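Structure record follows, encoded as structure tokens.
The values are calculated or read from the model by the stated rules, or taken from the named source; none is laboratory data. What you are looking at is a predicted structure, and each value in this text was computed from that prediction instead of being measured. Methodologically, a virtual Cβ is constructed for each residue, glycine included, from the backbone with ideal geometry; neighbour enumeration extends over all protein chains shown. Ligands, DNA and RNA are stripped out before the accessible areas are found, and what is left, the full protein with its side chains, is counted by its heavy atoms. Shrake-Rupley method; radii C 1.70, N 1.55, O 1.52, S 1.80 Å.
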Amino acid sequence: MLAHRFFQAVIRRGKLGVIYADGSRHDYGREETPSAVIRLADKATEYRLLFNPKLAFGESYMDGKLVLEHGSLHDLLAIATANVASVEQLPIGRLVAGAERVLRHLRSLNPVGRSQRNVAHHYDLSGELYDLFLDSDRQYSCAYFETPEATLEEAQEAKKRHLAAKLRIDRPEMKVLDIGCGWGGLALYLAKTTGAKVTGITLSKEQLAVSRERARAAGLDDRVSFHLRDYRHETGRYDRIVSVGMFEHVGPAHYREYFDRVRELLTDDGIAVVHSIGSSEPPSGTNPWLRKYIFPGGYTPALSEVTTAGERERLWITDIEILRLHYAETLRHWYERFQANRDKVKALYDERFCRMWEFYLVACEMSFREMSQMVFQMQLAKDRHAVPLTRSYIDDWERPRRREKAQHAAE
């Protein structure tokens, strides 16, 4: 049985039981934890796992062809991520991995029209869906957990505060550009806490409508404006630029173009902060299942790719912070909220959508816990003197606002 040989070769960490289409069961791996048992519905599923495991694994789970009989989805995907290197050592694995590396530029090409279509695929889903698992501010990016006990709302507030501190908005008349502004939460926070004039740009029509309504409801539409616009079409000059969770959609073929626009849009003493998922390993391809179903055109950059592109556009990298497990914790919170509202999600879409989404959330969490995924916050400037010599200014800005927030919560 070819599938049996495949699992024998691949499962080295953890313990996986497989019930095949003919009813036979075999156990693989020597370690007792994590452990899970799956059932493969038919021979076609067995063969698909052989020839394109990274794509077929998620698809089979979505379609109900790979059924979890024992253990949790976290257990199953912990086994999968722990053994992904073994998959890549197989002849077919080496072939697919090599093709992904070679084609990563082509598959992540994001000219203006394609960028908007890719964004619509994910971010123009029902707003009600995002309300069912995100925090109340709809922050759809890595939170910042200052303590392990922090709630999701507290951690997302801390993320916004941390970014604001790095931006050093010290004059109310400063102009700020938020590239990929989401549902407007960060832009509104910056305007409210610093008095800055903030422009947010997005490619999502749904996010644009929500952002504008939020600004109006908060009485901030005189200081915050939102536009449906690609960053390549933005004009003017800004004292500060921030981009959160958007750089993953740029693609390596466009990195120099991106940093060129940042440089052109920044004032001579300006500061930019880019917050993005990244990889601690050399450049590779995007997981084919994630690219097909969740983020078409998406690509997780190696840090080396990003720093090189910034250097070529003559930008000073004035600070880099690596957030290692913060996104794993963020995804854990999202998954728990998603599961608590699963019936509501199913009513919006269907069972296959629910299985796709829970697979996405748990697989991404495991990639941060077990693989090379991380988040970086990179601060950039044209002038080496744009920020102080030490990082103490960050905590100096955050400390009183953190204390004020705690006092309000206690009242």
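Annotation note: of Gly278, Gly297, the sole residue that is assigned to a loop (DSSP other than H, G, I, E, B) and surrounded by 20 or more Cβ atoms within 10 Å (Cβ to Cβ) is Gly297.
Can you report the number of residues in the stretch 48-68 which are surrounded by fewer than 17 Cβ atoms within 10 Å (Cβ to Cβ), within 16 Å of Ala3 (Cβ to Cβ) and in contact with a strand residue (DSSP E or B) (Cβ under 9 Å, 6 or more places away or on another chain)?
Of the residues in that region, 1 qualify.
Across the stretch 223-244, the number of residues qualifying as surrounded by fewer than 16 Cβ atoms within 10 Å (Cβ to Cβ) and assigned to a strand (DSSP E or B) comes to 2. Return the residues of the stretch 196-206 that are at pLDDT 95 or above, of a type outside the set (Val, Ile, Thr) and open to solvent by less than 30 Å² (accessible area, probe 1.4 Å); say none if nothing qualifies. Across the stretch 196-206, the qualifying residues are Ala196, Gly200. The set of residues in the stretch 340-356 that are open to solvent by less than 20 Å² (accessible area, probe 1.4 Å) and closer than 17 Å to Asp135 by Cα contains only Val345. Only a single item in (1) within 24 Å of Gly245 (Cα to Cα); (2) under 26 Å from the mean Cα position of the chain (by Cα) is not met by Val387, and it is number (2). A single entry from Leu220, Leu177, Leu190 fulfils the requirement of being of a type in the set (A, V, I, L, M, F, W, C), in a helix (DSSP H, G or I) and modelled with pLDDT of 95 or more: Leu190. Counting the residues of the stretch 41-80 that are of a type in the set (A, V, I, L, M), under 20 Å from Tyr360 (Cα atoms) and not in a helix (DSSP H, G or I) gives 3. Residues being out of contact with any Gly (no Cβ under 8 Å at 6 or more places or on another chain) and without any contact (Cβ under 8 Å) to a residue 40 or more places away in the chain are entirely absent from the stretch 366-383. The one condition from (1) open to solvent by less than 50 Å² (accessible area, probe 1.4 Å); (2) assigned to a helix (DSSP H, G or I); (3) in contact (Cβ under 8 Å) with a residue 40 or more places away in the chain that Thr318 does not meet is (2).
Each residue in the stretch 245-270 was checked for being crowded, with 17+ Cβ neighbours inside 10 Å and in contact with a His (Cβ under 6 Å, 6 or more places away or on another chain), and 1 pass.
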